[in-house]
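Undergrad: Starting off with a structure, shown below.
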Amino acid sequence: MGKSFTGSEILLESLRRQSVKVIFGLPGGAVLPLYDALYSAGIRHLLVRHEQAAAFAADGYARVTGKPGVCLVTSGPGATNLMTGLTSALMDSIPVVALTGQVPASLIGKDAFQEADTVGMALPSTKRAFLVRKAADIPSVIHQAFEIAVSGRPGPVLVDLPKSVLMETTEPSYPAGAGADRPRRLREWNEGEVRRAVDMILESNQPLLYVGGGVISAGASGELRELAELAHIPVTTTLMGLGSFPSGHPLSLGMLGMHGAYATNTAVCHCDLMIAVGARFDDRVTGRIDGFAPHAKKIQLDVDPSEVNKNVPVDLALVGDAHETLQALVAEIRRRGKLSVPPERHQWLQRIESWKDEHPLAYDKYSSIVKPQYVIEKVSQIASEDAIIAVDVGQHQMWTAQFYNFRHPRTWLSSSGLGTMGYGFPAAVGAQMAFPDRQVIAFVGDGGFQMTLNDLATIVQYRVPVKIAVVNNRSLGMVRQWQEIFFEKRYCDIDLNFSPDFVKLAESYGIRATRVEHRADVEGAVRDFLSDREPRLIDFWVDPAENCYPIIPPGASLGEMVLGPPRFLVEEEVLDDLWAV
Amino acid sequence: MQWLLTLESDRDPIVICRLMNIFRRKGLTIETMTLAAKPEGYSCVTVVDTPGTDIDHIFNYLRSTEGVFNVACYRHEPSSAASYVFVESNANPESISRILETLPGSKIIFASHGKYLFEIRSEGRLPQSISGLGEPGFLPLSRVKTSRQRSQMELVGAISS
């Protein structure tokens, strides 16, 4: 007879076999047996101050490593507090394994203390949810959870663990290997479809690669670059795709969509072939569907067949892993030996350059007021090339997407699909735990930061050297912008002047902090804070009237961009209107 | 437009709950549904009304759902080209007898709670005599797509004829 172990011990051994190095969590009654086993388990645990932060930190960890991030919470409110983070991970296809405590099995369904129908609530927020019924099932469930999290289209998986199961003893039997090491990714395309795709590419005069987060998930940035350079195709990325193609590359067009650049959106309107790779034609990208790439044939490469024709009808779909599919396309192009650039392709690239010159992304670089774009550009210039950037949600998120120079994949953390405020700082914590020696910078708005700043305690407790740049415009800036532009400046409930002094608050946690209110002080402050090996915060007081342009109004197409504010408005008028109560 | 969806799942009520939630969220109008269970798992047969432009996405979404497998999609085929028939025998108990008499060799793919899905083996064409166009509880179909790998079509829960 083998040795018996408790469910808690079996769970921790199962996690070790999945190469889990760190768990983000917060204990409670239902998981006390597990925390007792964790005491001497040799797996690092980061105590957060709200379970939502545990989910965001696990998400951030997963985005930078490509491996599942793990969070652990107690039953009832602990589990319900995870749901926002899991929903965000599902929307962005991020592998997260969430472990939730549950009341003892005999009490399930009887409205016990801190009981919630966790699995029921998790159904629309996860790829799969398991309720473990006996300790002997733990190894296979954990193995499955990790495999599902990384297979096909990655996403979050929840495992609900009754307290009685954690305390039960049994002889475990572990599956071989780690589930996350063997992701299942079906290939559904055939060689004929690859040849047809290459026919379309080589026949097109004005092609465009439209790239999303799927390229990063698949580790296909190298293959993407090879295809773009071989076939001379300009590349635009979604918010999720930033970093998949170097921002400074001559073929890079940056982000498209609602806040995409003029040249980028115009290129979309005029392309005759759009190759979508790991992107889902989200409404923030397409604008009005009938105006999205209206003259283009479309090829869609995606690992998830349900994304094909979901929002936009395409002419050809190649369902499978982006890495393998792009490799096949490159190999076919090389096989045909057509490596010279046709004149029409040259003209297309020159046209795009002229659009860039016509309306570049711009802001008032000479203003005495600190412009948020200036802060972001300065950080981009000074930070190391492999710095990891996390953002919260709002105007600062869009400005970072527009003005930060992303050179590598897995250096950008953004709650893109769900757009969850409060994401940025805890996600940065998760990323820093994965790469303790890299620069990790969180750009957060004053609104979103106030949702999760309680984890300032966490970064001090564990000496996590995250750098926090608060882009402080004393308002819910993106909401204010929409109220200004689309609701005739009827500003309602966007005033965040009644916020804490972030410098004093950070200092009360033991974090060195600075406020910057003048343009001349920005560069020095950034250099100082990035060179520090401890957590730091800078509260950048930026222009509260600055808006994010271009913007595509709701219901409009990509060709109907608003490029800037009406000329007749002067700054003082906007500020007066803004603070009128 | 009417479609019939069939699928099988792990024997896990969580997966079935997820399926129901998917049907709700995707806005499918469910006209009839039946679930059957056996030790090896569950099967579900549903007649839905949804535009043809959505059915590809629904099919792909279902077959990509964890715990769900062997998804098949059938289109309402109001002509003799139909090669499948879905019958709700509680509408007309004589329908089953008629099919079995007129089409010997027809194969029951699914049977549960008075609902039957037949594969018609009559040189691939449904005789006019029982095409039953417009007859209540009788839905002729042609199969559009399936994710099933094996040639066996019977669903878990089917009762052999």
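Undergrad: One residue is enough: does segment A:129-150 have a residue meeting the conditions closer than 19 Å to A:Ala79 by Cα, facing chain B (nearest Cβ under 9 Å), in contact with a strand residue (DSSP E or B) (Cβ under 6 Å, 6 or more places away or on another chain) and in contact (Cβ under 8 Å) with a residue 40 or more places away in the chain?
TA: No, the conditions are met nowhere in segment A:129-150.
Undergrad: Just checking, does segment B:20-36 include any residue being within 12 Å of another protein chain (Cβ to nearest Cβ) and β-branched (Val, Ile, Thr)?
TA: The answer is yes, given that some residue of segment B:20-36 is within 12 Å of another protein chain (Cβ to nearest Cβ) and β-branched (Val, Ile, Thr).
Undergrad: Which of the residues belonging to segment A:479-507 are out of contact with any helix residue (DSSP H, G or I) (no Cβ under 8 Å at 6 or more places or on another chain) and among the aromatic types (Phe, Trp, Tyr)?
TA: A:Trp482, A:Phe486, A:Phe487, A:Phe498
Undergrad: Take the conditions at pLDDT below 95 and outside any loop (DSSP other than H, G, I, E, B) and apply them to A:Arg345. Does it pass?
TA: Yes.
Undergrad: Now for a different question. Can you tell me which residue within segment A:286-315, out of those that are in a helix (DSSP H, G or I) and of a type outside the set (Gly, Ala, Ser), is surrounded by the fewest Cβ atoms within 10 Å (Cβ to Cβ)?
TA: A:Asp290
Undergrad: Identify, from the list A:Thr420, A:Thr400, A:Thr452, the residue that is assigned by TED's automatic domain parsing to the domain that holds A:Ser531, closer than 27 Å to A:Pro360 by Cβ and under 21 Å from the mean Cα position of the chain (by Cα).
TA: A:Thr400
Undergrad: Related question: Residues of segment B:1-19 being among the hydroxyl-bearing types (Ser, Thr, Tyr) and within 14 Å of another protein chain (Cβ to nearest Cβ), which ones?
TA: Scanning segment B:1-19 gives a single hit, B:Ser9.
Undergrad: Same structure again: Does A:Pro95 satisfy the condition of being under 13 Å from A:Cys71 (Cβ atoms), more than 10 Å from chain B (Cβ to nearest Cβ) and at pLDDT 95 or above?
TA: Answer is yes for this residue.
Undergrad: Tell me whether segment B:58-79 contains one or more residues that are away from chain A (no Cβ under 14 Å) and modelled with pLDDT under 80.
TA: Yes, segment B:58-79 contains at least one residue that is away from chain A (no Cβ under 14 Å) and modelled with pLDDT under 80.
Undergrad: Being within 11 Å of chain B (Cβ to nearest Cβ) and crowded, with 21+ Cβ neighbours inside 10 Å is the requirement here; does A:Leu158 meet it?
TA: For A:Leu158, the condition - within 11 Å of chain B (Cβ to nearest Cβ) and crowded, with 21+ Cβ neighbours inside 10 Å - is met.
Undergrad: Now, a different point. Among the residues of segment A:245-285, write down those that are assigned to a helix (DSSP H, G or I) and more than 16 Å from A:Pro234 (Cα to Cα).
TA: Correct list: A:Asp283, A:Arg284, A:Val285.
Undergrad: With (1) within 18 Å of A:Leu131 (Cβ to Cβ); (2) out of contact with any Lys or Arg (no Cβ under 9 Å at 6 or more places or on another chain); (3) surrounded by 17 or more Cβ atoms within 10 Å (Cβ to Cβ) as the list, and B:Leu28 as the residue in question, which single condition is left unmet?
TA: (1)
Undergrad: Let me ask something else about it. For segment A:63-82, give me each residue that is in a helix (DSSP H, G or I), of a type outside the set (Ser, Thr, Tyr) and surrounded by fewer than 21 Cβ atoms within 10 Å (Cβ to Cβ).
TA: Correct list: A:Pro77 only.
Undergrad: When residues of segment A:33-62 are filtered for being assigned to a helix (DSSP H, G or I), over 29 Å from the mean Cα position of the chain (by Cα) and touching a residue at least 24 places away in the same chain (Cβ under 8 Å), how many remain? First the steps, then the outcome.
TA: So the first thing to find is which residues in segment A:33-62 are assigned to a helix (DSSP H, G or I), and the list is A:33-38, A:51-62.
Now narrow it down to the ones that are over 29 Å from the mean Cα position of the chain (by Cα): A:33-38.
After this cut, where a residue has to be touching a residue at least 24 places away in the same chain (Cβ under 8 Å) as well, the list is A:33-34, A:36-38.
Residues meeting the conditions: 5.
Undergrad: Continuing with this model, one more query. Going through A:Lys467, A:Lys504 one at a time, which residue ends up being touching a strand residue (DSSP E or B) at 6+ places or on another chain (Cβ under 9 Å) and free of Cβ contacts under 8 Å to residues at least 12 places away in the same chain?
TA: The match here is A:Lys504.
The values are calculated or read from the model by the stated rules, or taken from the named source; none is laboratory data. All of these numbers come straight from a predicted model, not from anything done at the bench. A quick note on method: Cβ atoms are made from the backbone with ideal geometry, for glycine too, and the neighbour counts reach across all protein chains shown.
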